[in-house]
Amino acid sequence: MPHNTEAHREKVVVALSSVGAAIGLTSLKIVVALLTGSLGILAEAAHSGLDLVAALMTFFAVRVADRPADASHNYGHGKVENLSAFLESGLLALTAVWVIYEASRRLLFQEGHVEVSIWAFMVMFISIIVDFTRSRVLLRVARKLESQALEADALHFSTDIWSSSVVIAGLLVVYLTSIFHLPAWLGQADAIAALGVSGIVLWVSLRLARETIDALVDRAPEELAEQIKQHIDQLDGVAEVRRIRVRRAGNKFFADVIIAAPRTFTFEQIHDLSERVEKVAMERVRMNSPHAEVDIVVHVEPTVSPQETVSDQIHYLAEQQGVHAHDIHVREVEGGLEADFDIEVQSDMHLHEAHTVATHLEQTLLENNKQLRRVTTHLEAPNNTIVSRQDVTWQYIDIADDIRRIADSIAGAGSAHDVHLYQPRLVKADLSRQKGQAMPELDLVLHTTFDAQIPLSQAHIWAEEIKRALRQAYPNLNSVIIHTEPPEP
């Protein structure tokens, strides 16, 4: 898909704004933590410091991930976002472990003193407001543009709101303990709050790690492959869905689809079916991820279709051997099938070689269809030359009228029309007839009209009957083409 400059710009801007917010919050929390001695705020300062590192990684990731595919990265750079989210989860986990260690020391050895002031509460409230704002903005853009890196940042900062609330609660308990001389153990609420922050951070980091590892190891999105399969199965022409593989890199989905289709399909039919499969698969992916980029490769394998007729099978197996079969006749004789048809072989073949080709095709048909008891082929050499002819209908008006009469006697009055007679350019028709010489061979093209509702097979029978009657009346006719058509509306 083409590189979307506007989407890339929006992702970079929101990532850069997150970096600026992280710088401001980290600086503010460090100052207040040093002034108050609050381990909870210090933990939050460290947390915000890692937020800054994470925001910088996200900023870098979204800049690189949206680069188009190149010779070294055929599938694009989308996994940079997944790698960034994985590193961010690792940083969060390290922070949580360090805070748990410090909080445990304070609880066990009564180390440290917390100086609660209005500044401590202000910085935490400011932190909540900033985190709420940027998490909303990040989440909106992440969902719009299907960016896992921005989504990880949004999730990260939304949990910061809860962790900041825990720290505020701890500071409030410490403050009330000193004012109302409550039990001394309540003075450790700040350390307990730090443990609460660490628990939240660990939970978020593990969740991020699992999601990013799934993307990095190409785990298929849950249930998506099955949903795509169900929709493809409903398409006309799909005999079987043999395999679907889906993976995700950043905001891009890649899918490989292998289907089976009737082996008698033409190249154009296969191409049309592939495009329909690709469209359905793309629509299914975008039902879950409306703005995702989707790259789908469809591979079609031939198979025997339940709707395949004996004639279809003869056509297919003949083409497989490089010959063309036509004028196929299949008859049922005493519970078995017999097939007769013409095959076209190269005109410069010797008879022995052509007969070998025909025999091999006959044997192949008997092996592939156990209902066939006998197969007979007629060898033909295709005529690919362009012959030089002239329209001489006007010179044979009486013959043209008689041809119409013969055709109308079979097809009905007024059926025959648009009669054309052709002969070689070097022959002069009237002259040859005047001298009592045999009339030259003529090619005939005749149009006939039949009831639009009759079966095609009946129209063919009548056309063949007209052709036999015309050849009987005019043995000099060479090729006879009868075009059957319904009445004009």
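The values are calculated or read from the model by the stated rules, or taken from the named source; none is laboratory data. The structure displayed is predicted, hence computed values, not measured ones. In this analysis, Cβ positions are derived from the backbone assuming ideal geometry, glycine residues included, and neighbour counts consider all displayed protein chains.
A few notes on this one:
- Residue match in region 253-276 (condition: in contact (Cβ under 8 Å) with a residue 60 or more places away in the chain and not hydroxyl-bearing (Ser, Thr, Tyr)): yes
- Taking every residue in region 312-329 that is within 22 Å of Ala261 (Cβ to Cβ) and assigned by TED's automatic domain parsing to the domain that holds Leu372 and pairing it with any residue that is among the basic types (Lys, Arg) and part of a loop (DSSP other than H, G, I, E, B), at least 6 positions away or on another chain, the pairs with Cβ-Cβ distances below 8 Å are Tyr316/Arg263.
- Hits in region 466-485 - residues which are in contact (Cβ under 8 Å) with a residue 12 or more places away in the chain, part of a helix (DSSP H, G or I) and loosely packed, with under 15 Cβ neighbours inside 10 Å: Ala473
- Failed item in (1) of a type outside the set (Phe, Trp, Tyr); (2) out of contact with any Ser or Thr (no Cβ under 6 Å at 6 or more places or on another chain); (3) more than 30 Å from Ala381 (Cα to Cα), with Glu353 passing the rest: (3)
- Restricted to region 300-417, the set of helices (runs of 4 or more DSSP H) holding at least 3 residues that are more than 30 Å from Pro475 (Cβ to Cβ) comprises 310-320, 351-368.
- Qualifying residue in region 254-264 (condition: in the same structural domain as Phe86 (by TED's automatic domain parsing), surrounded by 14 or more Cβ atoms within 10 Å (Cβ to Cβ) and among the small types (Gly, Ala, Ser)): no
- Number of the exception - Ala189 against (1) at pLDDT 75 or above; (2) in a helix (DSSP H, G or I); (3) of a type outside the set (Val, Ile, Thr): (1)
- All positions within region 286-299 that are at pLDDT below 90 and either surrounded by 15 or more Cβ atoms within 10 Å (Cβ to Cβ) or assigned to a helix (DSSP H, G or I) (or both): Arg286, Met287, Asn288, Ser289, Ala292, Glu293, Val294, Asp295
- Qualifying residue in region 65-84 (condition: of a type outside the set (Gly, Ala, Ser), more than 30 Å from Pro290 (Cα to Cα) and at pLDDT below 75): no
- Residue that is nearest to Val304 (Cα to Cα) [pool: residues in region 230-248 that are assigned to a strand (DSSP E or B) and of a type in the set (A, V, I, L, M)]: Val241
- Taken over region 434-450, the criterion of being at pLDDT below 90 and either surrounded by 11 or more Cβ atoms within 10 Å (Cβ to Cβ) or not in a loop (DSSP other than H, G, I, E, B) (or both) is satisfied by Gln434, Met439, Pro440, Glu441.
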